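This report concerns only the one structure given below.
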Amino acid sequence: MSTPAPKVVVFLHSGDYDRVHQGLAIAAAAVASGRRAEVYLFWWALERFLEGRLDDPDFDPPREDVADRFETRRIPTLRQLLEHVRESGLGTVQGCTGSLGALGAEHLAGEGPIDGWVGWSAILQRTAGVVDRFYL
């Protein structure tokens, strides 16, 4: 019997499009190779998900040249990467309850593509011993 491949954990703090894209691309690559992936959302990344800003590259400062390349090269959007992760059955997206409160966004807790809500105690338990951790 083979041992399961170790999981990958992605901590997304920044809401910058490029950082969120990189984090979801890491998770998508993990699930595509048969590994479990857990994505944890904090602060500005959580805000982006709650507001549903997952479709159009919005670089700050604006980078029309890069945004145009995304479209012409058909680079997947945040939403497309997220759908791949979630539809695989190997990936989950968890929102941080502390960040939700700090943002004053409790009224949005039912919004956005978030599988569940966790605090740091649960996050530390779930990610204990995970070697492949990415912080963006």
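The values are calculated or read from the model by the stated rules, or taken from the named source; none is laboratory data. No experiment lies behind these values; they were computed from the predicted model shown. No Cβ is skipped: glycine too gets one built from the backbone with ideal geometry, and neighbour counts run over all protein chains shown.
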### Query
Would you call Ala45 under 19 Å from the mean Cα position of the chain (by Cα), within 21 Å of Trp120 (Cβ to Cβ) and modelled with pLDDT under 95?
no
### Query
Mind checking which residues of the stretch 104-119 are touching a Gly at 6+ places or on another chain (Cβ under 8 Å) and either surrounded by 11 or more Cβ atoms within 10 Å (Cβ to Cβ) or part of a loop (DSSP other than H, G, I, E, B) (or both)?
Ala109, Glu111, Gly112, Ile114, Trp117, Val118, Gly119
### Query
Restricting attention to the stretch 120-136, which residues are free of Cβ contacts under 8 Å to residues at least 60 places away in the same chain and surrounded by 14 or more Cβ atoms within 10 Å (Cβ to Cβ)?
Ala122
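Would you mind finding the one in Arg133, Arg53 that is within 17 Å of the chain's Cα centre (by Cα) and either part of a helix (DSSP H, G or I) or under 15 Å from Ser14 (Cβ atoms) (or both)?
Working: Arg133 fails: either part of a helix (DSSP H, G or I) or under 15 Å from Ser14 (Cβ atoms) (or both).
Going through Arg133, Arg53 in turn, the sole match is Arg53.
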### Query
So which residues in the stretch 7-43 are part of a loop (DSSP other than H, G, I, E, B) and either touching a residue at least 60 places away in the same chain (Cβ under 8 Å) or in contact with a strand residue (DSSP E or B) (Cβ under 6 Å, 6 or more places away or on another chain) (or both)?
Lys7, His13, Ser14, Arg35, Phe42
